[in-house]
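The values are calculated or read from the model by the stated rules, or taken from the named source; none is laboratory data. None of the values given here were measured: they were computed from a predicted structure. Because the Cβ atoms are built from the backbone with ideal geometry, glycine has one as well, and the counts that use them run over all protein chains shown. Surface areas here come from the heavy atoms of the whole protein model, side chains and all, with no ligands, DNA or RNA. Shrake-Rupley method; radii C 1.70, N 1.55, O 1.52, S 1.80 Å.
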Amino acid sequence: MYLLKDLQNEVFDKPYNEGYRYLQVIAGYASPAFLEHILLEYKDLSIDLIIGMVSHDGISIAHHQAFQKIMKKYTSNTCREPSRKVNIFYNISKPGYHGKLYHWSE
């Protein structure tokens, strides 16, 4: 399915409003600003994000540091083992992955 309009409503609002709270995303590129926006907008959301084109284009130090800061901000240390709402992974295998895949679950 291709979505050209109202991406946030179709990809984020509808599943979240149906009760889904865990999102796995594989995308060629991602920005810390958009990730932060989504986390602020959907308070109960947990995300695993795989950035697919790092092996091809690399990642800026600023973006890497911003992603680290986001993961630290959304880590809970209230139990024995830290619990993260956000996990960010970089695909380092070539040739890279440029698609966009969103998988929601409860």
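Just a few scattered comments:
- Phe34 accessible area, 1.4 Å probe, all protein chains in place, Å² to nearest 10: 100 Å²
- The GluC sites (Glu not before Pro) found in the stretch 1-47 that occupy coil by DSSP, while having at most 12 further C-beta atoms within 10 Å, are Glu18.
- Protein accessible area in the stretch 9-106, 1.4 Å probe - carbon and sulfur %: 55 percent
- Solvent exposure of the chain, expressed per residue, is 69 Å² of accessible area, with all protein chains present and a 1.4 angstrom probe.
- Contact order for the chain, expressed relative to its length and based on alpha carbon pairs under 8 Å spaced 6+ residues apart, stands at 39 percent.
- Rounded, prolate or oblate (a/c below 1.5 giving rounded, otherwise prolate when a/b exceeds b/c) for the stretch 1-49 by Cα gyration tensor: rounded
- For the chain, the Cβ-based charge dipole about the Cα centre amounts to some 360 debye (Lys, Arg positive; Asp, Glu negative; other atoms uncharged).
- Take the Kirkwood radius over Cα pairs of the chain, plug it into Stokes-Einstein at 25 °C and 0.890 mPa s, and you get 168 µm²/s for translational diffusion.
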